[in-house]
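The values are calculated or read from the model by the stated rules, or taken from the named source; none is laboratory data. If you're wondering where the values come from, they're calculated on a predicted model, not measured in any experiment. Cβ placement follows ideal geometry from the backbone for every residue including glycine, while neighbour counts extend to all protein chains displayed.
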Amino acid sequence: MVDVAAADDETAFAFHAALAALWATTGVERTTRYPGQSGVRLRCYFDLRQPQAGPGRTAGP
């Protein structure tokens, strides 16, 4: 699990996209704002054990 604290939605989603490019992650559709706190929060889950196919790599067990 990763909790992301960012200044805005765009930054939080960009960080999630970077994680998703490397590992299998859950999708995210929204961020959370807490009253009295600046910025946004985003939570996603990822699995390091599930390699994704990429340049020069093949997906598999």
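Things to note:
- The set of residues in region 5-28 that are assigned to a strand (DSSP E or B) and over 8 Å from the mean Cα position of the chain (by Cα) comprises A5, A6, A24.
- The C-beta contact set for region 1-27 (first residue closer than 11 Å to C44 by Cα, second residue surrounded by fewer than 13 Cβ atoms within 10 Å (Cβ to Cβ), distance under 6 angstrom, 6+ apart or interchain) comprises M1/Y45; A24/D47; A24/Q50; T26/Y45.
- Residue list for region 29-61, filter: surrounded by 14 or more Cβ atoms within 10 Å (Cβ to Cβ), at pLDDT 90 or above and assigned to a loop (DSSP other than H, G, I, E, B): T31, G39
- Selection count, region 1-15, where residues are in contact with a Lys or Arg (Cβ under 7 Å, 6 or more places away or on another chain) and of a type in the set (G, A, S): 1
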